[in-house]
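First comes the structure, then the notes that go with it.
The values are calculated or read from the model by the stated rules, or taken from the named source; none is laboratory data. Owing to the predicted nature of the structure, the values given are computational and were not obtained by experimental measurement. Cβ coordinates were reconstructed from backbone atoms using ideal geometry, including for glycine residues, and neighbour counts include every protein chain displayed. Calculation scope for accessible area: heavy atoms of the full protein, side chains included, ligands and nucleic acids excluded. Shrake-Rupley method; radii C 1.70, N 1.55, O 1.52, S 1.80 Å.
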Amino acid sequence: MKEGFKMQFLKRTWAEISISALKNNISKIRTCIPAGTEIMAVVKADAYGHGSDVVCRILRQNSIKYYAVSNLNEAVEVREAVPDGEILILGYTPPEYAQILEQYNIIQTITSKNYANFLSANAKKSVRCHIAIDTGMGRIGIKCDTPEETADEVEYISGLPQLEIEGIFTHFAVADSSDESSLEYTHNQKEFICSVADILKNRGLNLKHVHFMNSAAMVNDPDSRSTLARAGIILYGLQPNSAEPLNVKFEPVMSLKSIVSHVKTVPVGTSISYGRTFVTDKPMEIATVTIGYADGYPRMLSNKGEVLIHGKRCKILGRVCMDQMMVDVSGVDVTVKAGDIVTLFGKDENDEITADELADKIGTIGYEIVCGVTKRVPRIIRE
Ligand SMILES: *Cc1c(COP(=O)(O)O)cnc(C)c1O
């Protein structure tokens, strides 16, 4: 295959990234958070599947200074898109990469006292760090019974050579739920880290950053004690918890589109796709669509999902294959033909399917749907 052809956009299946939606979401987040709090854009996992390079450039043009990623490879990618950005790795980096962190001016999360010792030993000049405090997520971070003991550990780590401790942070487990016990749990998590920060301040250790708000928290319970607002899912316009929609409306940034490749009318009793899980009970008009689970469209949506064609909902018939699937177009008013656009999620005329809606159908979350769109699907910028 010639290089020139590969570079072209093959109209098969693609994800549209809306710059205006992303910009609107940034503006809305700014109206939610306290004046002294800055947005830290969470762009891990290739910006939740949206394409880190493009998303980061747009964020930078919209004055976003702070970025959070999951690992060193992602950090280096963001560094290229945003040369002057402050980039925090939220996850683990093997200590032997300390000098890469220094070279690219990346901020590393300290996951434990032990990790801090190793990172310090591997650093040459100075590695910038934020310390994770486990206040109830049970994932990473230093975990002590009291804020005092936690402050002791932070102080110890701050004294290690070649580590520059610039902040502490914690992560909420249930900030997206409004039942009484969740509210109390989140409150306790928050008060714990704020106590740690107060104790450190009294001991003369002033940290530039203390942060704890995720998407749900910055909308439901914004708190000016969090110097950064780690905005993830709302930046991309999806819900932290679709069962409890936020009272601020964000706009989905990604739409997933494909095309019709083949249309046929079939008689009663025709079985469709692998396993013969769907058999027509009447004559039907059926379209084949050029998307499958290898594009990240979940196979779990077999016989469950719907797509939009000419603004009409069409049901998936039978199993989703690796690269293709079939849908019922009997109810579409206009003649459906090869080349027609199919919206897997996104808007089409007066209807919209969201990634959250698809997620609900198969017991997952919108996050997993957008992160699951695979590499073979080109991300196309709209506007
Ligand atoms: C992923 C992540 C976030 C963003 O969460 P959203 O629910 O998408 O806002 C924030 N903080 C940490 C530590 C994370 O891992």
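At-a-glance table
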| quantity | calculated |
| --- | --- |
| The stretch 164-202: number of residues that are touching a helix residue (DSSP H, G or I) at 6+ places or on another chain (Cβ under 7 Å) and of a type in the set (Lys, Arg) | 0 |
| Per-region count, the stretch 141-163, residues out of contact with any helix residue (DSSP H, G or I) (no Cβ under 7 Å at 6 or more places or on another chain), surrounded by fewer than 15 Cβ atoms within 10 Å (Cβ to Cβ) and part of a loop (DSSP other than H, G, I, E, B) | 3 |
| Tally of residues being out of contact with any Pro (no Cβ under 9 Å at 6 or more places or on another chain), closer than 22 Å to Ala116 by Cβ and of a type in the set (Val, Ile, Thr) across the stretch 150-198 | 6 |
| Matching option when the condition is closer than 16 Å to Ser255 by Cβ, more than 24 Å from the chain's Cα centre (by Cα) and touching a residue at least 40 places away in the same chain (Cβ under 8 Å), among Val307, Val289 | Val289 |
| Residue within the stretch 53-73 that is open to solvent by 60 Å² or more (accessible area, probe 1.4 Å) and either part of a loop (DSSP other than H, G, I, E, B) or touching a Cys at 6+ places or on another chain (Cβ under 9 Å) (or both) present | yes |
| Gly138 being open to solvent by 10 Å² or more (accessible area, probe 1.4 Å), under 30 Å from Gly296 (Cα atoms) and of a type in the set (Gly, Ala, Ser) | yes |
| Residues of the stretch 213-250 satisfying the condition of being within 15 Å of Asn25 (Cα to Cα) and assigned to a helix (DSSP H, G or I) | Ser215, Ala216, Met218, Val219, Ile233, Ile234, Leu235, Tyr236 |
| Residues of the stretch 155-198 that turn out to be farther than 27 Å from Pro240 by Cα and of a type in the set (Phe, Trp, Tyr), as a count | 1 |
| Some residue of the stretch 161-172 being without any contact (Cβ under 8 Å) to a residue 40 or more places away in the chain, hydrophobic (A, V, I, L, M, F, W, C), more than 16 Å from the ligand (Cβ to nearest atom) and farther than 25 Å from Asn24 by Cβ | no |
| Number of positions in the stretch 82-106 that are farther than 18 Å from Ala47 by Cβ and within 14 Å of the ligand (Cβ to nearest atom) | 1 |
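Okay, residues lined up against (1) open to solvent by 50 Å² or more (accessible area, probe 1.4 Å); (2) in contact with a Leu (Cβ under 8 Å, 6 or more places away or on another chain):
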{"site": "Glu166", "(1), (2)": "no, yes"}
{"site": "Ser182", "(1), (2)": "no, no"}
{"site": "His187", "(1), (2)": "yes, no"}
{"site": "Val196", "(1), (2)": "no, no"}
{"site": "Lys208", "(1), (2)": "yes, no"}
